[in-house]
1. Could you tell me which of the residues R25, R101 is over 30 Å from L165 (Cβ atoms) and not small (G, A, S)?
2. Kindly provide the set of residues from segment 331-350 that are in contact with a helix residue (DSSP H, G or I) (Cβ under 8 Å, 6 or more places away or on another chain) and either assigned to a loop (DSSP other than H, G, I, E, B) or crowded, with 17+ Cβ neighbours inside 10 Å (or both), ordered by number.
3. Given the residues V407, V385, V423, which is the only one that is in a loop (DSSP other than H, G, I, E, B), aliphatic (A, V, I, L, M) and either in the same structural domain as A121 (by TED's automatic domain parsing) or at pLDDT 90 or above (or both)?
4. Need pairs with beta-carbon distance below 6 Å; first residue more than 19 Å from K228 (Cα to Cα) and within segment 154-170, second buried (at least 17 other Cβ atoms within 10 Å of the Cβ) and β-branched (V, I, T); sequence gap 6+ or separate chains.
5. Determine whether segment 116-134 contains at least one residue that is surrounded by fewer than 22 Cβ atoms within 10 Å (Cβ to Cβ), of a type in the set (F, W, Y) and in a helix (DSSP H, G or I).
6. Does N108 qualify as being assigned by TED's automatic domain parsing to the domain that holds Y64, loosely packed, with under 15 Cβ neighbours inside 10 Å, of a type in the set (S, T, N, Q) and under 20 Å from P279 (Cα atoms)?
7. Of all the strands (runs of 3 or more DSSP E) wholly in segment 235-313, which have at least 1 residues that are in contact with a Ser or Thr (Cβ under 7 Å, 6 or more places away or on another chain) and not hydrophobic (A, V, I, L, M, F, W, C)?
8. In segment 205-223, how many residues are assigned to a strand (DSSP E or B) and either free of Cβ contacts under 8 Å to residues at least 40 places away in the same chain or not assigned by TED's automatic domain parsing to the domain that holds I285 (or both)?
Amino acid sequence: MPTAPEPKEIRQAFSDYENDWKDIREEAATDMKYVAGDPWTKEDRAAREDAGRPCISLDELNQYLNQYNNSLRQNKRGIQVIPKGNGANDEDATRRENIIRGIENESNAQEAYITMAENAASRSYGYSLLRTEYRDDYQEGEEPSIELFDQRIVIQRVANPDTILLNPHFEHAAAEDVEDGFVCKRIKRSEFARKYPDADKTSFTGADMKEAKDWIGEKDLQIAEYWKMHKTPKKLVLLKGPNGLMTVWDEDLKRAGKPSGIEVVTTRMVEVKNVMQYPTNGLEILDEIEWAGTRIPIISCFGKELWVDEGSGAKRKLMSMVRLARDPQMLFAYMCTQEAEEAGMTPKTPFIGAKGQFESARQVWEMINKQPYSFVEYDVVLDSVSGANLPPPNRLPWTPNFQEYEVAKDSIRRSIQAAIGGVPLTTAAQQDQEKSGVAIERIETQMSVGSFHFQDNFDRALQNLGWQVNELIAPIYDNQREVPIEKKDGTHDTLHIVGNTSHPLDDEGQYDVQGIPTDEESGEPVEHMHTGKGDFDVTISTGPSYQSQREQASEFIDHLIANWQQLAIPAPLANKILALGVKLKDIGPIGDAIQEILDPPDPNNMPPQAQAAIAQLKAQLQELQIENAALHQDRAARVLEQQTKLQIEDKKIAAQGSADAADHAVRMSEADKDRETKIAVAEITTKAQNLNERLSALETLMQQFHQQAHESGMQAVEHEHAQNLAQQQAQQAAQSQAADQAQEQQMAAQSQPQGQGQ
């Protein structure tokens, strides 16, 4: 661990940095007075108020600041992670982005970002802080667990940027190369004794106050986090061996000795950075904390940077958005005050006349400025010298120069706009005059162009922050756990991560997946990320936010649906577009249901659990289809059996030749068919109750059985009728034959002679 600086050295650095930042801070304080709506000096305000004169300030600055700040709120920046090498890939880069968005969400980072940007625009500098912290929600009686040692990354808001004091000798625009700085806070002496009971001093003397006059006060004292970057020069050696090139520190090589067959290619000196935090009260260092990153975790956002030589060499000046607009704003305040003063000079007694001219109608004259009258009379008064009638009462003419003041104020407004680089908010009259929505949008976007250098510096600050957060992921999230994430579309989830502590990487960048939960279906490890694998870099997305893109897409869908008929979109594609439009409207569960109806989810894109459930249902359906085919075969066999029985019964009826036999055959056939039908129906209903096809099969089978029974019955009836007809014909033939025989006998008897008979 590097050697800590002496308290005297820390106090000297604090004093030097305060002097270096003095001019910038004084200008910033003046800026904030103007932004707060009070451009008057104490002397001017006191002189005017003592004389009873007005002291007015109408705000013309904050509309431009609000345009800038609210533009940042509407178009939130996004930290993007890109693979850089050493086994990095796009999938892990996306996972890292999701982790960073989860950190931002947990930290309410947008509040920290906007506060930093607002301070930079209003006073020329703003800051945010990076922290790491342990769980702080431990409850009394809770069983200790390893999770209590899990750290997380936090992005912290700095409301008052004057609590930050940096070494001014940085070179980069976002001060990412700053080598030391202070985060200050004043606390009461009693609080210090409670918070730091192990400090060498918990009470302070007059000598202590004299030694650290900027730190120790009568009732309070300053506690500062002194951040310092230690740079240690080390020699790096490049070696060449049988397996190729490799690097090693010179001290390690000397300690282990150079193996045979290894050749030293070259050496170079590098600076190893080590960042330390030293909490101090100016008299002693209260702790020494090693930081996991290689940069000071104070994120800086500055206004426009100028280097100006005022006679003693070039010095850095940081310009706020309102710095050059202060003079025209002051002139505007003077003009408004003068206009108010002139308005105050309006006569309070508008009618003037000779004494006695108002006596007869005094009540009317007293109300004449408040109440209308058809006429008003006055008393005639004679001049005491000439005896002539004095003129009637008259009104003093007075016209304040309001029009000239308004012209002057309009000119001053243009000076303020020129200084800030913006345009005023569009009024309703302007919007009525501008018939084109594009023209209105162009007017509103001119402000962002005039203040783009502030946005650019804000993006640099966020890039520094994103770089540091990305660097901290490996050492802070170094063990196995679940972390909250936020995806690019705004949805929230958790991600399983492992790190170098729980799953160390080998020389080839591989790690043992033992202990990682597995998927129930595939048996493979669940989706996870190793935080120590791969090198990544960070950029800032300066395009429209996800919400802005969503709104633009929603407007496009509305326009598309309004022109639906003219486009002649095919039905399947139209359903998908309409489903997307419903999703963009974000109307809740009902909208989700409508979307699924219009555009059912693709089975290939479903989650593994859903795909497994679908596969199981498909297997069950296949089994039911096989069972249904067996039922069809059974039905065909039963139909064939019934047909065979009918044929046998028909042959029996024909052989017997009897009506009783035919009737018996019909009854037996119908009884058998009825019994077999009931059996088939019961079996089909039991085995195929979950298939719609089985109902169709049952209906078809019943129709066939009824048709067969009807045909068999009709055949039996026809057979019986034929037999009855044959019997009747036989009886008729026998009767006819008997009648013929009787007639022949009678005729024969009549033809014999009478004598022969005697």
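1. Just a single option satisfies the conditions, and that option is R101.
2. Taking segment 331-350 first, the residues in contact with a helix residue (DSSP H, G or I) (Cβ under 8 Å, 6 or more places away or on another chain) are 331-332, 335-339, 342-343.
Residues satisfying the conditions are L331, F332, M335, C336, T337, E339.
3. On the way: V407 fails: in a loop (DSSP other than H, G, I, E, B); V385 fails: either in the same structural domain as A121 (by TED's automatic domain parsing) or at pLDDT 90 or above (or both).
The conditions single out V423.
4. As it stands, the answer is R157/T115, since those pairs meet every condition given.
5. No, segment 116-134 has no match at all.
6. Details: assigned by TED's automatic domain parsing to the domain that holds Y64: yes; loosely packed, with under 15 Cβ neighbours inside 10 Å: yes; of a type in the set (S, T, N, Q): yes; under 20 Å from P279 (Cα atoms): no.
Answer is no for this residue.
7. Those strands (runs of 3 or more DSSP E) span 263-280.
8. First pass over segment 205-223, keeping only residues assigned to a strand (DSSP E or B): 216, 220-223.
Still in the list and also either free of Cβ contacts under 8 Å to residues at least 40 places away in the same chain or not assigned by TED's automatic domain parsing to the domain that holds I285 (or both): 220.
Final tally of qualifying residues: 1.
The values are calculated or read from the model by the stated rules, or taken from the named source; none is laboratory data. From a predicted model like this one, the values you see are computed outputs, not experimental measurements. Glycine gets a Cβ as well: all are built from the backbone with ideal geometry, and neighbour counts include every protein chain shown.
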